[in-house]
Amino acid sequence: MYKYDQYDQSIVDARVAEFRDQVERRLAGEITEDQFKPLRLQNGLYLQLHAYMLRVAIPYGTLNSEQMKMLAHIARKYDRDYGHFTTRQNIQYNWIQLDQTPDLLADLASVEMHAIQTSGNCIRNISSDQYAGAAADEVTDPRPWAELLRQWSTFHPEFAHLPRKFKFAVIASEEDRAAMRLHDIGIQLVRNDAGELGARFFVGGGMGRTPMIGPMVRDFVAADDLVSYAEACLRVYNRYGRRDNKYKARIKILVHELGKDEYTRQVEEEFKHIKTLNLDPPKAELERITTFFQDPDYDKSASDDLDLSDPDFAIWVDQNVKTHKQSGYAIANISLKPIGGIPGDATSAQIDVMADLAKEYSFDELRVTHAQNIVLPHVKKSDLYTLWQKLDEAGLATPNLDLISDMIACPGLDYCSLANARSIPVAQKIAQRFSDVGKQKELGELKLKISGCINACGHHHAGHIGILGVDRKGVENYQLSLGGSGAEDVSLAKITGPGFDEDGIVDAVEKATNVYLKEREGDERFVDTYRRVGMAPFKEALYD
Amino acid sequence: MKLLTGNDLKSGLVTWWTGKDWSINIEDAVDVGEEGEAILAAEQEAQRVNSAYIIDGDEDAGTPRPGHIKDRVRALGPTVRPDLTLKPNDASAIDKVV
């Protein structure tokens with residue numbers, strides 16, 4: 001894992017001191033809320049429905065046990081004993097007091113964490129593959145590149161006031177576990193025919209009120225040019241992105257309106273210019289960063305044997321454990337989606353348990369996934385049974401990864417000031433309707449995603465089944481959509497028709513799954529069947 | 001009726017105008033009527049509360065009730081965490097929000 005150097009630590013410490021002064025002046029009435037708001041947002045502090053909400057950055061979703069312990073400490077000391085893991089691999093706290101925030105940020109800084117650039121029109125937390133460094137299918141570990149981009153984008157003076165927020169994802173495998181093409185810039189590390197490392201650049205993807213799949217603007221950017229090329233993409237956007245209309249200000253609108261070819265032409269021109277300025281980071285810096293992401297000290301003699309005689313353990317292994325690149329090891333997914341629970345929420349005690357388990361069984365490493373789960377990336381197979389038992393004791397062994405109850409759900413109207421409808425109660429009711437693990441497994445991979453408003457924080461456009469909560473004359477209403485995907489088979493879901501009330505949407509989801517079970521051929525997943533048979537049989541079941 | 005609401009500067013908690021001060025309990029809220037804008041302006045100057053605004057409401061069994069579900073959720077707390085609402089022991093409180 002990356003360790004801060006003196007520069008990283010000093011800028012984070014300096015920011016804490018600066019914000020402490022700003023908070024004191026605000027509380028003393030020396031600055032107005034209009035003056036203070038942009039300052040607190042630059043430090044991740046929002047004012048939400050019930051209280052201040054703090055969003056803490058977890059760069060590319062990677063953290064160690066000490067950091068995870070600190071997240072538990074913050075939940076206990078400054079919040080109401082829980083945190084909410086988000087779709088940008090971050091964590092949010094919902095009940096923060098303004099006067100305590102500087103101390104909270106100082107605590108975070110003590111373990112090399114912060115809340116900088118988790119809000120505002122800047123480059124946000126870089127997201128990545130939660131299996132990075134452990135996946136068998138990656139061409140390289142994407143995290144050194146994500147870290148390089150983090151350093152490049154932190155306090156980048158030119159990109160501190162972009163037309164709108166800006167999100168990167170970096171992956172290094174054909175399987176897309178990070179919804180890469182639904183980002184402002186998606187970077188896929190690849191090797192060319194000569195075996196050289198480079199990157200595909202996809203620009204102009206995103207969800208929100210105008211969902212778009214990012215087109216590829218370059219099929220191979222040499223690794224040494226990666227930061228320069230990103231800089232060129234941003235410069236064109238910063239120059240021509242719309243600032244007159246918030247709803248048309250994301251880069252996807254610029255790429256769409258200019259057209260991919262013209263946008264690319266301008267980027268290439270800018271890139272040529274940037275190359276004359278010698279702005280690329282020195283190779284030595286990437287090499288320094290890369291040393292922090294070496295493989296852990298695996299036991300090369302570890303066995304692949306696994307005793308699956310305990311049926312509950314066998315179900316968990318089958319669903320939540322994934323193949324590791326190192327024989328004798330596995331990737332263990334911890335679902336934060338217990339049946340009837342709140343997707344992504346974990347108590348301080350559970351966060352502590354996961355930290356302890358990572359220290360004991362996963363070389364001190366954890367990952368947060370964009371699907372709001374936690375990963376222990378390097379677990380010896382011989383430790384899996386003990387690990388599972390300890391997870392089970394803590395209510396963290398739900399065997400539902402990628403099944404219908406493993407839903408992404410935004411905080412919705414229960415917490416969010418932007419939301420129009422509640423997301424969490426719908427997620428809970430659907431999970432309860434499909435609580436039988438056997439029924440869920442019969443449905444197979446089924447990604448259900450719920451947003452409480454058009455901003456699409458719950459990724460409903462990318463759901464095999466998507467649900468969007470809307471306000472219909474003061475009453476919550478839910479639109480159903482089908483056929484989306486955030487994976488390598490990326491697609492945008494289509495609305496089925498008129499919306500449903502809270503109970504009606506649960507029934508509608510069940511009807512859609514019944515159509516799938518009736519129409520399914522072979523090993524087809526829900527989304528495969530939908531793509532083959534189209535919307536008609538689903539509409540018929542839903543509305544006739 | 002008209003209600004004046006905002007979020008407390010220090011705690012961020014939802015607050016309601018009581019006629020002379022702010023309270024986190026909507027039961028204490030008063031109808032600001034035609035005076036709302038003037039109170040709002042004065043309170044913005046005082047800087048004790050953020051993002052204050054006036055909403056429509058009505059009365060339900062003698063208690064002010066916001067007209068929109070968003071403000072009813074604000075008045076109670078998250079409907080999915082009864083333990084974190086202002087009425088953790090009132091099983092019917094959430095039904096009244098929805």
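Please turn the phi angles of the range A:477-488 into ³J(HN,Hα) values with the Karplus equation 6.51 cos²θ - 1.76 cosθ + 1.60 (θ = phi - 60°), one per residue in order, whole Hz, x for glycine and proline.
For the range A:477-488, the Karplus curve yields 9, 10, 8, 9, 9, 9, x, x, 7, x, 8, 5 Hz.
How high is the FRET efficiency between residue B:96 and residue A:356 when r is their beta carbon distance and R₀ equals 30 Å, given to the nearest 0.05?
The computed FRET efficiency comes out at 0.10.
Could you name the aspartates and glutamates in cross-link range of residue A:272, using Cα to Cα under 12 Å and dropping any fewer than eight places away on the same chain?
Those aspartates and glutamates meeting the cut-off are A:225, A:231.
Points 7 angstrom from Cα along the Cβ direction at residue A:470 and residue A:308: gap in nanometres?
Reported label-point gap for residue A:470 and residue A:308 is 4.5 nm.
Going down the table (A:165/A:429; A:165/A:449; A:246/A:473; A:300/A:337; A:165/A:325), which pairs top 28 Å between alpha carbons?
A:165/A:429; A:300/A:337; A:165/A:325
Please list, in chain and number order, the residues 5+ apart from residue A:329 or on another chain whose amide H is under 5 Å from its amide H, with Hs placed from the backbone.
Sorted by chain and number, the residues that satisfy this are A:381.
Can you compute the label reach from residue B:18? Point 7 Å from Cα along the Cβ direction, backbone N cut-off under 14 Å, restricted to the range A:81-125.
The answer is none, because no backbone nitrogen lies closer than 14 Å to the label point.
If amide H atoms are built 1.01 Å from N in the plane of the peptide, which residues on other chains or at least 5 residues away come under 5 Å of the amide H of residue A:420?
The answer is A:453.
Given 0.36 nm per residue, what is the gain on full extension from residue A:192 to residue A:389 after removing their alpha carbon distance, in nm?
66.5 nm
Return the lysines within reach of residue A:518: Cα separation strictly under 22 angstrom, same-chain partners fewer than 8 residues apart disregarded; answer none if there are no such residues.
Straight-distance partners of residue A:518: A:439, A:441, A:447, A:494, A:539.
With θ taken as phi - 60° and the coefficients 6.51, -1.76 and 1.60, list the Karplus ³J(HN,Hα) couplings across the range A:139-154 in order, rounded to whole Hz; mark glycine and proline as x.
7, 6, 6, x, 5, x, 6, 5, 5, 4, 5, 4, 5, 5, 8, 6
Can you figure out the FRET efficiency of residue A:76 with residue A:21, using R₀ = 30 Å and their beta-carbon distance, to the nearest 0.05?
E(calc), rounded to 0.05, equals 0.65.
Calculate the FRET efficiency for residue A:103 and residue A:517 from the Cβ-Cβ distance with a Förster distance of 56 Å, rounded to the nearest 0.05.
My answer for the efficiency is 0.55.
Would you calculate, for chain A, the mean residue ellipticity at 222 nm contributed by helices, counting each DSSP H stretch of 4 or more residues as -39,500 (n - 2.57) and dividing by all residues, to the nearest 500?
Per the formula, -11000 deg cm²/dmol.
Put a dot 7 Å past each Cα toward the Cβ at residue A:4 and residue A:349; how far apart are the dots in nm?
In this crude spin-label approximation the distance works out to 3.2 nm.
Listing A:386, A:154, A:496 from the residue with the fewest other Cβ atoms within 10 Å to the one with the most, what is the order?
A:386, A:154, A:496
How high is the relative contact order of the range A:426-544? Use alpha-carbon pairs under 8 Å, at least six apart in sequence, and give a whole percent.
20 percent
Going 7 Å from the Cα of residue A:435 toward and past its Cβ, which residues in the range A:332-348 have a backbone nitrogen under 14 Å from where you end up?
A:338-342
When N is the residue count of the range A:142-291, what does its C-alpha Rg come to as a fraction of 2.2 N^0.38 Å?
1.00
For residue A:7, what is the net charge nearby, where nearby means another residue's Cβ is under 15 Å from its Cβ and Lys, Arg count +1, Asp, Glu -1?
That works out to -2.
Let me check the size of the range A:408-543 from its C-alpha atoms; what are the radius of gyration and Dmax in Å?
14.0, 44
Rounded to two decimals, what is the ratio between the C-alpha radius of gyration of the range A:6-109 and 2.2 N^0.38 Å?
1.06
Out of the chymotrypsin sites (Phe, Trp or Tyr not before Pro) in the range A:1-37, which ones are loop residues according to DSSP with at most 16 other C-beta atoms within 10 Å?
A:4
What distance in nm separates the simple spin-label points at residue A:539 and residue A:287, each placed 7 Å from Cα in the Cβ direction?
6.1 nm
Can you give me the long-range amide H partners of residue A:85? Hydrogens built in the peptide plane at 1.01 Å from N, cutoff under 5 Å, separation of 5 or more residues or another chain.
A:92, A:345, A:346
At 0.36 nm per residue, and after removing the present C-alpha to C-alpha distance, how many nm does the segment from residue A:507 to residue A:66 gain when stretched out fully?
154.4 nm
Charges at C-beta only: +1 for Lys and Arg, -1 for Asp and Glu. How large is the resulting dipole of the range A:205-334 about its Cα centre, in Debye rounded to 20?
Here the range A:205-334 has a charge dipole of around 1280 debye.
Per residue and in Å³, how big is the convex hull formed by the alpha-carbon atoms of the protein assembly as shown?
165 Å³
What ranking of A:96, A:11, A:450, A:274 emerges when the number of other C-beta atoms within 10 Å of each C-beta is taken as an exposure proxy, fewest first?
Ordered by Cβ neighbours within 10 Å, fewest first: A:11, A:274, A:96, A:450.
Every number here is computed from the coordinates shown, using simple stated rules; none is lab data. Being a predicted model, the structure only gives us computed values, none of them experimental. As a convention, Cβ positions derive from the backbone with ideal geometry for all residues, glycine included, and neighbour counts pool all protein chains shown.
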